[in-house]
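Take a look at the following structure, please.
Just so it is clear, none of the values below were taken in a lab; they were calculated from the coordinates. Every value quoted in this text rests on a predicted model; they were computed, and no experiment measured them. So basically every Cβ, Gly included, is an ideal-geometry build from the backbone, and we count neighbours across all protein chains shown.
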Amino acid sequence: MTETNQKILNLQDKLKKSEPIHITLPGNGLLKIEKPVPFLLVYRLGEGKDYFPNRLGRTESAYLIAENDADGLMQKIIQTVSNLFAERFNGFLIVETWLSPKVYQSPFTIYISQKRAIDTARKLDAELNKIPIPSWGKTSIIKKQQQPAAPAGMQPLLKKEYVEKQGITFIGLEIAPVYVNEVTGKPYPCF
């Protein structure tokens with residue numbers, strides 16, 4: 001049995017028993033689920049320093065921060081968690097966050113490709129628009145598209161047909177680096 005398969009079997013066992021999960025993954029990755037919840041925040045580790053999306057994920061009770069690996073471990077983890085919890089909670093929400101390569105766009109762009117995501121996206125949009133960011137009137141926008149969103153140059157984590165069939169709601173959240181000092185290149189204190 002491969003190491004990947006063993007990790008998935010261990011994960012399934014812990015999920016079924018509702019045990020807390022803390023699994024270290026290759027490349028400084030981490031899956032942490034404090035208790036069963038109907039959502040998972042996902043962040044793909046990439047090159048460069050992208051402080052905010054990475055640290056944002058660590059504030060949630062269920063998150064996956066991992067490299068987009070060749071053997072598909074990240075997708076297998078997401079499928080395992082979402083399948084079990086979608087059945088348990090009669091639905092499941094995956095929010096993938098990433099850093100925008102563009103500084104001068106809306107601070108938050110919410111991407112959706114499903115009708116079932118509209119209400120959740122509107123609520124997220126309303127909350128994000130309450131965040132005061134100097135020189136931005138509206139801090140969040142919603143963009144609808146045909147396929148699940150993904151960071152620039154990457155494929156979606158899951159295919160649209162799969163998320164529809166499994167009862168999964170998928171939202172992409174692109175975060176512009178408005179929290180980075182343009183002169184120093186370092187983030188302003190956020191946490």
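Once amide H atoms are placed 1.01 Å from N in the peptide plane, what residues at a sequence separation of 5 or more from LEU25, or on another chain, have their amide H within under 5 Å of its amide H?
Long-range HN contacts for LEU25: LEU30, LEU31.
Provide the per-residue ³J(HN,Hα) series for the range 18-34, in order, calculated from phi with Karplus coefficients 6.51, -1.76, 1.60 and θ = phi - 60°, each as a whole number of Hz, with x at glycine and proline positions.
6, 7, x, 10, 9, 10, 7, 10, x, x, 6, x, 7, 10, 10, 9, 5
Tell me, what is the FRET efficiency for LYS130 and VAL37 to the nearest 0.05, using R0 = 41 angstrom and their Cβ-Cβ distance as r? Working shown, then result.
Numbers: r = 23 Å, r/R0 = 0.56.
About 0.95, to the nearest 0.05.
So which chymotrypsin sites (Phe, Trp or Tyr not before Pro) in the range 103-155 pass both tests, a DSSP loop state and at most 13 other Cβ atoms within 10 Å of the Cβ? Walk me through the intermediate numbers first.
Numbers: sites: TYR104, PHE108, TYR111, TRP136; in loops: TYR104.
Passing both the DSSP loop test and the Cβ count: TYR104.
Turning to a different aspect of this structure: Using 1/(1 + (r/R0)^6) with R0 = 25 angstrom and r between the beta carbons of ILE141 and ARG116, what's the FRET efficiency to the nearest 0.05? Could the numbers behind the result be given before it?
Numbers: r = 20 Å, r/R0 = 0.79.
Working from the Cβ atoms, E equals 0.80.
Would you mind calculating the relative contact order of the chain from Cα pairs under 8 angstrom and at least 6 residues apart, reporting the percent as a whole number?
On the way: 322 pairs, mean separation 40.9, N = 191.
Relative contact order, the chain: 21 percent.
Determine ³J(HN,Hα), in whole Hz, for all residues of the range 86-93 in sequence, where each value follows from phi through the Karplus function 6.51 cos²θ - 1.76 cosθ + 1.60 and θ = phi - 60°; x replaces Gly and Pro.
My calculation for the range 86-93 gives 4, 5, 5, 9, 6, x, 7, 10 Hz in order.
A further question on this structure: Give, to the nearest whole percent, the P(r) tail of the range 123-187 beyond 20 angstrom, counting all Cα pairs. Write down the numbers at each step before the final one.
On the way: 975 of 2080 pairs.
Percent of Cα pairs beyond 20 Å in the range 123-187: 47.
Additional query: Which order do peptides 164-172, 85-93, 137-145 fall in by mean Cβ count within 10 Å, highest first? Can you show the working numbers first?
Details: 164-172: 20.0, 85-93: 17.0, 137-145: 14.0.
Descending mean neighbour count gives 164-172, 85-93, 137-145.
For LYS160 and GLU3, FRET efficiency with R0 = 22 Å and r from the beta-carbon atoms, rounded to 0.05? Mind dumping the intermediate values first?
Values: r = 30 Å, r/R0 = 1.37.
That gives a FRET efficiency of 0.15.
Right, here's the next one. For the range 72-130, what is the Kirkwood estimate of the hydrodynamic radius, computed as the reciprocal of the mean inverse distance between distinct Cα atoms, to one decimal in Å? Let's see the in-between values first.
On the way: mean 1/r = 0.0730 Å⁻¹.
One decimal place: 13.7 Å for the Kirkwood radius.
When only alpha-carbon atoms count, how far does the chain stretch along each of its three principal axes, as whole angstroms with the largest first?
Projected onto its principal axes, the Cα set of the chain covers 52, 36, 29 Å.
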